[in-house]
Amino acid sequence: MADIVTESVSGYLRFQLIQVGLENGLFDVIEVTLGKTTKQIANEANCDTRYVEEWCQALALGNILVANLDNNSKEYLYSMTADMKKTISEMTPMLRLVNSVGSAIPEVCSNFSSGAPVFFEKYCNVAKNISNALGPWTKFHCQDASEFTTTGQQFELICFFVCLHDFAHPTKALQLCQHLLTSDGKVIVIEMAGKDHFAPEK
């Protein structure tokens, strides 16, 4: 049991360190083939050397960075594998999205006793990060779905992504889609699998 908790804590810490790297451009200056000292990385990213050294060491221990000791300088040179570099680059929008969602955790915790809602505005920068995750061809804004009926807007695709179960009136929301879809439009509902009886062993 301790291993599960320890791995969860380690994963959380790695995630936060990845966020530090993204926000300070550290991954941008770390090469795949050419190892760099922490001083070189810090200079190129315009960061403090001591902070960068601790960051590099932690991510090397977490198997995000590769550390090789240079026998001449007796310093560690840090690099990334091509696969890791590609993964970090491709997942940057999603990593930032998850991080922004986490900003609402304090309010979620405080509302556990009251059952009060946590409104979308509490999730800092989540709108921007969702737009970035979906790509430049999308536009994101927060609006009550019932308001669309007054604008005459229609959509080719309406997607409910693990959210319908939180709606006060999910049936009404689905019925509303009939008026918002184009003639060949589709509705996609993605929800968590559930059963009448909780059975984690199955």
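Each value in this text was obtained by applying a stated rule to the coordinates, not by laboratory testing. This one's a predicted model, so the numbers in the text were calculated from it and none came from an experiment. Cβ atoms come from the backbone with ideal geometry, glycine included; neighbour counts cover every protein chain shown.
Structure notes:
- Charge dipole (the chain, unit charges on Cβ, about Cα centre) - positive-most of 99, 177, 17: 177
- Near the amide H of residue 160, within less than 5 Å, lie the amide hydrogens of 188, 189, 190, all on another chain or at least 5 residues away, with H placed in the peptide plane.
- R0 of 35 Å, Cβ-Cβ distance residue 81-residue 128: FRET efficiency to nearest 0.05: 0.70
- Long pairs among 36/85; 85/122; 36/86; 39/85; 86/139; 36/128, criterion Cα-Cα beyond 23 Å: 85/122; 86/139; 36/128
- Using just its DSSP H runs of length 4 or more, each adding -39500 (n - 2.57), the chain gives a mean residue ellipticity at 222 nm of -14000 deg cm²/dmol after division by all residues.
- For residue 52, net neighbour charge (Lys/Arg +1, Asp/Glu -1) across residues whose Cβ lies under 14 Å away: -4
- As a rough guide to protection, the peptides 68-75, 12-19 ranked by mean Cβ packing within 10 Å, highest first, stand as 12-19, 68-75.
- The listed peptides 154-161, 24-31, ordered by packing as a protection proxy, come out as 24-31, 154-161 (highest mean of other Cβ atoms within 10 Å first).
- Under the membrane-span-like helix rule (DSSP H runs whose alpha carbons stretch at least 24 Å along the helix axis, mean Kyte-Doolittle hydropathy -0.5 or higher), the chain yields 2-23, 82-101.
- Peptides 171-182, 76-87 ranked from most to least packed, by the mean per-residue count of other Cβ atoms within 10 Å: 76-87, 171-182.
- Model label points for residue 155 and residue 70, set 7 angstrom from Cα along the Cα-to-Cβ axis, are 5.3 nm apart.
- Residues 192, 94, ranked from the fewest to the most other C-beta atoms within 10 Å, line up as 192, 94.
- For 103, 131, 8, 113, the sequence from fewest to most other C-beta atoms within 10 Å is 113, 8, 103, 131.
- Look at 56, 109 and count the other Cβ atoms within 10 Å of each Cβ; fewest to most, that gives 109, 56.
- Global form of the chain, assessed from the alpha-carbon gyration tensor, a/c cut-off 1.5: prolate
- Label-zone membership for region 52-89, site residue 32, 7 angstrom Cα→C-beta point, backbone N under 12 Å: 80-89
- Here's how it looks for residue 65: its modeled amide H is under 5 Å from those of 60, which are all 5 or more places away or on a different chain.
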